[in-house]
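The values are calculated or read from the model by the stated rules, or taken from the named source; none is laboratory data. What you see is a predicted model, and the numbers here were worked out from it, not measured in a lab. When we count neighbours, we look across all protein chains shown, and the Cβ atoms used for this are built from the backbone with ideal geometry, even at glycine. Each accessible area value is taken on the protein alone, full model and side chains, heavy atoms only, with ligands, DNA and RNA left out. Shrake-Rupley method; radii C 1.70, N 1.55, O 1.52, S 1.80 Å.
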Amino acid sequence: MNQRMAAIALAGLSLLGTNLLWAADKVELTTRVSGVVESVLVKPGQRVKKGAVLLRLDKTILQARLEEATADHVRAQADEADAKREQGRAQELYDRTVSSTSELEAAELRYARAQAALSAAQARRVIAQKNLADAELKAPFDGVVSAIPGGSGTVVVADCQPKPLIVLSR
């Protein structure tokens, strides 16, 4: 029985009678991205459901970064398509013994670089989309808003020790 209680305690839980208590009754929440708090949508003492939006950051810069990443992605797609056409032409000329091996290899290298640039642009676009989505702080569980240390206008810096913006209790 002691081993079982130790295992439960290590898992962050404690058994008292038949009630199950969580080790963390209050959770400090913050956003995953940096920005300025645009609006707080809850008040202390308010009950919230899991997934409810608690606050929003100003999305202007994050939206611009997404548009920039999307434009880079479109440019990379065009460059990749152009490099693929050039590689195809170089292969055709090489097959007809009109061009040298070095010209074919150069075209293949340009195509490989264009494919890599396209993959990198796609990744930057996905990151920008995720950062934009993370500008909304959502409740991770049903609970009660205990405190709101960060109000409208609060500057949020997403680093190793971010400042809590909302404290949520179970």
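This table checks each residue for (1) farther than 14 Å from residue 55 by Cβ; (2) open to solvent by 30 Å² or more (accessible area, probe 1.4 Å); (3) of a type in the set (S, T, N, Q); (4) not in a loop (DSSP other than H, G, I, E, B).
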position: 107; (1), (2), (3), (4): yes, no, no, yes
position: 110; (1), (2), (3), (4): yes, yes, no, yes
position: 116; (1), (2), (3), (4): yes, yes, no, yes
position: 119; (1), (2), (3), (4): yes, yes, yes, yes
position: 123; (1), (2), (3), (4): yes, yes, no, yes
position: 127; (1), (2), (3), (4): yes, yes, no, yes
position: 146; (1), (2), (3), (4): yes, yes, yes, yes
position: 161; (1), (2), (3), (4): yes, yes, yes, no
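Given the criteria farther than 30 Å from residue 71 by Cβ and either in contact (Cβ under 8 Å) with a residue 24 or more places away in the chain or under 26 Å from the mean Cα position of the chain (by Cα) (or both), does residue 101 qualify? Considered against the rule, which asks whether it is farther than 30 Å from residue 71 by Cβ and either in contact (Cβ under 8 Å) with a residue 24 or more places away in the chain or under 26 Å from the mean Cα position of the chain (by Cα) (or both), residue 101 comes out as no.
Restricting attention to the range 129-144, the residues being assigned to a loop (DSSP other than H, G, I, E, B) and over 30 Å from residue 72 (Cα atoms) number 4.
Residue by residue, here is whether (1) modelled with pLDDT under 95; (2) within 21 Å of residue 156 (Cβ to Cβ); (3) in contact with a strand residue (DSSP E or B) (Cβ under 8 Å, 6 or more places away or on another chain) holds:
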{"position": "47", "(1), (2), (3)": "no, no, yes"}
{"position": "58", "(1), (2), (3)": "no, yes, yes"}
{"position": "61", "(1), (2), (3)": "no, yes, yes"}
{"position": "66", "(1), (2), (3)": "no, yes, no"}
{"position": "70", "(1), (2), (3)": "no, no, no"}
{"position": "77", "(1), (2), (3)": "no, no, no"}
{"position": "85", "(1), (2), (3)": "no, no, no"}
